[in-house]
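First up is the structure itself, then whatever we jot down about it.
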Amino acid sequence: MIRSSVLGRTIEITTFRGIRYSGTIIQVNPRSLYVTLSKVRRIGKRETFYDFFVFRATDIQNLYFDEDPAIICRGPKVNKLIDAN
(Lines give C-alpha, C1' and ligand atoms only; values in the text may rest on other atoms or scores of the structure.)
Protein backbone atom coordinates (compact mmCIF):
# COMPACT_ATOMS: atom_id res chain seq x y z
CA MET A 1 0.00 0.00 0.00
CA ILE A 2 1.12 3.52 -0.67
CA ARG A 3 0.90 5.50 2.55
CA SER A 4 1.65 9.10 3.41
CA SER A 5 5.25 8.04 4.08
CA VAL A 6 5.88 7.96 0.32
CA LEU A 7 4.71 11.52 -0.23
CA GLY A 8 7.67 13.58 -1.34
CA ARG A 9 9.55 10.58 -2.73
CA THR A 10 10.74 10.51 -6.33
CA ILE A 11 9.36 7.78 -8.56
CA GLU A 12 9.57 6.78 -12.18
CA ILE A 13 6.45 5.67 -14.03
CA THR A 14 6.19 3.91 -17.39
CA THR A 15 2.75 4.03 -18.98
CA PHE A 16 1.25 1.31 -21.15
CA ARG A 17 2.02 3.58 -24.11
CA GLY A 18 5.71 3.19 -23.24
CA ILE A 19 6.20 6.78 -22.09
CA ARG A 20 8.43 7.27 -19.04
CA TYR A 21 7.95 10.00 -16.46
CA SER A 22 9.86 10.94 -13.33
CA GLY A 23 8.51 13.14 -10.54
CA THR A 24 7.76 13.64 -6.88
CA ILE A 25 4.64 12.11 -5.32
CA ILE A 26 2.40 14.86 -3.94
CA GLN A 27 -0.93 13.03 -3.69
CA VAL A 28 -2.33 9.52 -3.76
CA ASN A 29 -6.07 8.98 -4.09
CA PRO A 30 -6.79 5.36 -3.14
CA ARG A 31 -10.53 5.74 -3.75
CA SER A 32 -10.17 6.63 -7.43
CA LEU A 33 -6.70 5.07 -7.87
CA TYR A 34 -4.87 8.21 -8.96
CA VAL A 35 -1.28 9.29 -8.30
CA THR A 36 -0.30 12.94 -8.68
CA LEU A 37 3.32 13.93 -9.27
CA SER A 38 4.98 17.34 -9.18
CA LYS A 39 8.12 18.51 -10.96
CA VAL A 40 7.45 15.93 -13.66
CA ARG A 41 9.90 15.16 -16.43
CA ARG A 42 8.88 13.17 -19.49
CA ILE A 43 11.92 11.06 -20.33
CA GLY A 44 12.83 10.36 -23.94
CA LYS A 45 13.69 12.01 -27.23
CA ARG A 46 11.29 14.87 -26.55
CA GLU A 47 12.07 15.67 -22.95
CA THR A 48 9.23 17.76 -21.54
CA PHE A 49 8.64 19.25 -18.10
CA TYR A 50 5.34 19.71 -16.26
CA ASP A 51 4.48 21.39 -12.96
CA PHE A 52 2.30 18.39 -12.09
CA PHE A 53 0.76 15.37 -13.77
CA VAL A 54 -2.06 13.02 -12.67
CA PHE A 55 -1.83 9.30 -13.50
CA ARG A 56 -4.57 6.70 -13.28
CA ALA A 57 -3.29 3.46 -11.83
CA THR A 58 -4.79 1.59 -14.80
CA ASP A 59 -2.49 3.56 -17.14
CA ILE A 60 0.69 2.65 -15.26
CA GLN A 61 2.67 -0.31 -16.55
CA ASN A 62 5.70 0.02 -14.23
CA LEU A 63 6.39 2.12 -11.18
CA TYR A 64 9.54 2.25 -9.10
CA PHE A 65 11.08 4.44 -6.47
CA ASP A 66 14.31 6.18 -7.54
CA GLU A 67 15.77 5.88 -4.04
CA ASP A 68 15.24 2.11 -4.03
CA PRO A 69 15.05 0.56 -7.53
CA ALA A 70 14.35 -2.81 -5.87
CA ILE A 71 10.82 -1.55 -5.11
CA ILE A 72 9.03 -2.00 -8.39
CA CYS A 73 5.44 -2.61 -9.27
CA ARG A 74 4.20 -3.84 -12.62
CA GLY A 75 0.82 -3.87 -14.32
CA PRO A 76 -2.24 -4.77 -12.21
CA LYS A 77 -0.15 -4.78 -9.03
CA VAL A 78 -0.01 -0.97 -9.30
CA ASN A 79 -3.72 -0.87 -8.39
CA LYS A 80 -3.06 -2.96 -5.28
CA LEU A 81 -0.07 -0.80 -4.34
CA ILE A 82 -2.14 2.38 -4.48
CA ASP A 83 -5.33 0.94 -2.97
CA ALA A 84 -5.25 1.66 0.75
CA ASN A 85 -8.36 -0.38 1.58
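The values are calculated or read from the model by the stated rules, or taken from the named source; none is laboratory data. If you're wondering where the values come from, they're calculated on a predicted model, not measured in any experiment. With ideal geometry, Cβ positions are generated from the backbone for all residues, glycine too; neighbour counts draw on all protein chains shown.
So, of the residues in the stretch 1-28 that are part of a strand (DSSP E or B) and among the small types (G, A, S), which turns out to be surrounded by the fewest Cβ atoms within 10 Å (Cβ to Cβ)?
The extreme case among them is S22.
Among the residues of the stretch 7-14, not a single one is more than 21 Å from T58 (Cβ to Cβ), at pLDDT 95 or above, among the basic types (K, R) and in contact with an Asp or Glu (Cβ under 8 Å, 6 or more places away or on another chain). Criterion applied to R41, R31, R46 was being in a strand (DSSP E or B) and farther than 14 Å from R9 by Cα, and the one residue passing it is R41. If you go through the stretch 30-57 and keep only what is over 10 Å from the mean Cα position of the chain (by Cα), among the polar types (S, T, N, Q) and surrounded by 14 or more Cβ atoms within 10 Å (Cβ to Cβ), you end up with just S38.
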